[in-house]
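The values are calculated or read from the model by the stated rules, or taken from the named source; none is laboratory data. What you see is a predicted model; the values in this text were computed from it and never measured. Every residue, glycine among them, receives a Cβ derived from its backbone with ideal geometry; neighbour counts consider all protein chains shown. What goes into the accessible areas is simple: the full protein's heavy atoms, side chains included, and nothing from ligands, DNA or RNA. Shrake-Rupley method; radii C 1.70, N 1.55, O 1.52, S 1.80 Å.
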Amino acid sequence: MAGFGLRKNMVFDWGGVGFRIDRLQSNGDVLLERVDDGCISIVQCEKLLAEYCDGNISASASVHDSVSPTFSRPLDELPQEVQQEVARRRHYLQAILAHGQPIFTKDYLQPLILGAAAEIGDEKPPGATSIYRWFRRYRQNEDTRALIPRFDRRGSRNVKQSDKFLQFAAEAIEEAFKASPHATGPSIYTRLIAKIEAENRALRVSEQIKRPCLRTLYRLITRVEAYDHAVLKEGKIAADKRYRLVKTGVKTERILERVEIDHTPLDLFLIDEKSLLPLGRPTLTVVVDHFSRMLLGFHLSFDNPSTGAVMGALRHAILPKASVKESLPNLKTQHQWDCYGRPDVMVVDNGLEFHGNDLESVAYDLGIRIQFCPKRQPRFKGAVERFLKTINYSFAHQLPGTSLARWHLRGDYDPLKFAVLTLGEFHQIFQKWVTDVYAQTIHRGTHETPWARWHEGLQRRQPELPESAAALQRRIGHIEERSLRQDGILLNGIRYNGDALAPILRAYGAGTKVRVLYDHDDLGDIQVWGPDDADPVSVLALNQTYAKGLTALQNGMIRAAAREKGESQQDAVALERAKHDIITTVENLMTSRKQRDRRRAATIDGLSTSKSGTPLSTEKNLDQRAAAGKRVKSVRPAGLALPISPDDEVSPPVAYSFFRPKQKSSEEGIR
C-alpha cells in the first residue's frame, strides 16, 4: 500500500495543499516545494510527523497525475476468481523480484516465468509484456492493489442516445408512473415510441430519431437512481422518508420540557354497556412526555379528532390523576399514576384541530408554547408516534375484539363477534397497562423505564399546576367573541345571563364585545371576560334543564331538527320536541344492524373517557301534549329529563339513552 514517508520526491497533501519533498537535511530540516506554484519552505521533520498524527497530512494518490486510481475497498469483497487472479499476479512478480532487479527482455524473463508457473501449476503463464505492465503498475502505485484486474471498467460508460431522445424517454417514464405507480417497461415503451413518431413527422429523413428497441429502454431505466425511482413510484414525500439520513433527535433534560400530542384510531372494537352491541373503533388522543416517555394524559371518544379531544387530553395531562372507577373489581392497579403538571412546549402536527384561536388562547393563558411540525413530517414528534404504535401493537392487538393493523391480517377472525369490552372497562384496563406494564418496561430509546425516568426527573423539577383546578377549568375550552346585551349572551342558540354580567354591562354598556369560553362537552355554563378583566366570571344558561350536560354536537343536531320543522329556536317546546326526536333516532341507531350507525350514535351521545352517563327517562306523546297547550314543567329525575306534566305517566327507562348526566371520571373528580 502506498504510504507517507520522509523521502525525496515524496508528494503528499497537507491541509488540502500538495507538497513535494525536495531535500532532506542532516539537521532534521525538510525543504518542501508547493506543487501549485513552486514556493519553497523549510519545515522540521518532527512537525511533519506531528501533523501526520493529527490527521492533517496524507499521501493521497490524487496528487499523482500519472497514477491511475486503484481499488480501495477490502479485498474480500472481490469475487473469488478475481482474488485468485490477484494472488497469481503477485506470485509471478515475487518470483521475478527474488532474483534482483529485473531486466525486461524475453530471454531473461521467460525461464523465471516458467519456473513460477510450475510452482503453482499454471498451464497458461503470462508473457513478458504482461509481466512488465504489472510491474510498472505496481511501482507507480507502490501498492499491490494495483494488480487487481479491473474487468468492471471495460466498455464505454457514455450514453450514446441523443439529448432529444433522452428527453422523450424521461417524459415517457414520468407520464407512465403518474398514470400508475406500477408502470411496466412495455407501457413506457409505447409512450416513448409515440413521442418519437410524432417528432419524426416534422423532421427530414436524415434528422429523424432512430426508433430504439425495448432492451435499450430497460438499460436507460436501470440508470435511474433509487431515490428518483422511488419519487416516480411513491412520490417525493415517501422517497424523502425512505432515503433520509436518520440523525440524533431532539434532546430534553427534564420532565415537562417538551410534550407531544397526537391522535390514532384504536385497533379495538368496544361495545355499548346497555345493548352490548359493538360501537366501533374509538379515537385515542394522547399526551406524552418526551424526556421520560411517560403518558401524561389521554382522551378516548367515538368522535373524529377534534379540538375538544385535545382539550380533554390536555386537561387530563395537567391535573393529578384520580383513581379510575372500577368497572372490573378484580383488576387492581399496583402503581399510582403520578404524572401531572403544566408543560413548557407542546409539539403538534398540522391537523385542523391544532390550528385556531381555541388551542392558541389556552396555550397563551397557561404559558405553554405551541410548536408545529413541518407538514407531513411525523418524525419531528417521533416519541408520540412510536408510543401510539406501541399501544396498538403491544396492547390493543392482544385484547378480544381487536381489528389488527390491516384488515387482511384478520383471516377468519371477526372482531365484531369477539368484542367484549365497554368504554368503562377499557378505561380501567388501559390505565393498568400504562402504569403497571408500559411504565415498568425498559424503553429502547432511553434505556430506562418511563416510571424510573419520570421519578428521576421529579428530583430535579417539581411539576407546576395552575393556581386552582377551577382556574384550569376557566382556561381550557373553546373561545368565542360575543356581544353583551341586556338579555345576556346568546351562544350556540342558548341564552346565558346572571348577576355576574351586571358590572360589565354597567361599565361598558349594551353591545360591548366580550370574550367567552365554553366546554364543548357541557354547555350548562360559560366563562366571560370583560374588555379589561383579568379573570372571568361564570354565567349559567337560563334553561339549565336543557343545557346542563349537553354537548355542542347534540345541541347542533337539536337546533337543526327544529329548523327543519320551521319552528323557532327560542321555542322551548320545539327544542324539547327536537330532543325527543333525536333520542328516538339514537335509540334506533344503537339497535341497528350496521356498526357505523351504532358508532354514530355513540358519537352523538358523547361517550368518552371524560363523560359517562345513566339511562334517561323519556315521555310519551310529547308532541300531542305540547299541541294541547298543557303546562310543561321541567323536572330532572335521574339525569337530564324531558319536560313532563305532573299528571303524565312516565314510560320505563329505554334500553339506551341519548343525554346522560355527567359523572365524575378520573380527571373530572378534581375539577
Which residues, taken from the range 369-423, are over 22 Å from Gly297 (Cα atoms) and among the hydrophobic types (A, V, I, L, M, F, W, C)?
Leu404, Ala405, Trp407, Leu409, Leu416, Phe418, Ala419, Val420
Quick check, is Pro450 closer than 30 Å to Gln336 by Cα and in contact (Cβ under 8 Å) with a residue 12 or more places away in the chain?
yes
Go through the range 174-198 and give me each residue that's open to solvent by less than 20 Å² (accessible area, probe 1.4 Å) and among the β-branched types (Val, Ile, Thr).
Ile188, Ile193, Ile196
Show the residue pairs that are 6+ apart or on different chains and have beta-carbon atoms under 7 Å apart, the first residue being within the range 508-530 and at negative phi and free of Cβ contacts under 8 Å to residues at least 24 places away in the same chain, the second being basic (Lys, Arg) and surrounded by fewer than 20 Cβ atoms within 10 Å (Cβ to Cβ).
Trp529/Arg515
Cβ contacts < 6 Å: first residue under 24 Å from Ser361 (Cα atoms), restricted to the range 305-330; second residue part of a helix (DSSP H, G or I) and at pLDDT below 90, any location; separation 6+ or different chain. Result?
Pro305/Glu353; Ser306/Glu353; Thr307/Glu353; Thr307/Asp358; Val310/Glu353
Conditions first: (1) out of contact with any strand residue (DSSP E or B) (no Cβ under 9 Å at 6 or more places or on another chain); (2) over 30 Å from Thr390 (Cβ atoms). Lys432 passes all but one, so which condition is the exception?
(2)
Suppose we keep only residues that are within 20 Å of the chain's Cα centre (by Cα) and in a loop (DSSP other than H, G, I, E, B) within the range 338-371. Which one would you say is nearest to His520 (Cα to Cα)?
His355
Report yes if some residue within the range 314-331 is β-branched (Val, Ile, Thr), open to solvent by 30 Å² or more (accessible area, probe 1.4 Å), closer than 18 Å to Tyr438 by Cα and assigned to a loop (DSSP other than H, G, I, E, B); otherwise report no.
no
Answer from Phe380, Phe395 - the residue that is part of a helix (DSSP H, G or I), among the hydrophobic types (A, V, I, L, M, F, W, C) and at pLDDT 90 or above
Phe395
I need every pair where a residue in the range 68-90 that is under 22 Å from Pro126 (Cα atoms) and exposed (fewer than 10 other Cβ atoms within 10 Å of the Cβ) has its Cβ under 7 Å from the Cβ of a residue that is among the β-branched types (Val, Ile, Thr) and at pLDDT below 85, sequence separation at least 6 or different chains.
none
How do the pairs read when you match residues in the range 357-370 that are under 17 Å from Glu480 (Cβ atoms) with residues anywhere that are of a type in the set (Ser, Thr, Tyr), using Cβ under 6 Å and keeping only pairs 6 or more apart or on different chains?
Asp358/Thr307
Counted residues, the range 485-539 - those being in contact with a helix residue (DSSP H, G or I) (Cβ under 7 Å, 6 or more places away or on another chain) and charged (D, E, K, R)
1
Taking the range 128-158 and keeping residues in a loop (DSSP other than H, G, I, E, B), without any contact (Cβ under 8 Å) to a residue 12 or more places away in the chain and open to solvent by less than 80 Å² (accessible area, probe 1.4 Å) leaves Gly155, Ser156
Members of the range 77-105 found to be in a loop (DSSP other than H, G, I, E, B), in contact with a helix residue (DSSP H, G or I) (Cβ under 8 Å, 6 or more places away or on another chain) and not aromatic (Phe, Trp, Tyr), listed by number
Leu78, His99, Pro102, Ile103, Thr105
Looking at the range 193-221, which of its residues are outside any helix (DSSP H, G or I) and more than 16 Å from Ile173 (Cβ to Cβ)?
Arg201, Ala202, Leu203, Arg204, Gln208, Ile209, Lys210, Arg211, Cys213
Criterion first (open to solvent by less than 30 Å² (accessible area, probe 1.4 Å) and either farther than 29 Å from Leu553 by Cβ or in contact with a strand residue (DSSP E or B) (Cβ under 7 Å, 6 or more places away or on another chain) (or both)) does Ala230 satisfy it?
yes
Report yes if Arg386 is assigned to a helix (DSSP H, G or I), open to solvent by 70 Å² or more (accessible area, probe 1.4 Å), of a type outside the set (Asp, Glu) and within 30 Å of Leu256 (Cβ to Cβ), otherwise no.
yes
Whether any residue in the range 539-546 is at pLDDT 85 or above and on the phi > 0 side of the Ramachandran plot is what I want to check.
no
Looking for whichever is in contact (Cβ under 8 Å) with a residue 24 or more places away in the chain, part of a helix (DSSP H, G or I), open to solvent by 40 Å² or more (accessible area, probe 1.4 Å) and of a type outside the set (Lys, Arg) here; the options are Tyr52, Tyr108. Which one fits?
Tyr52
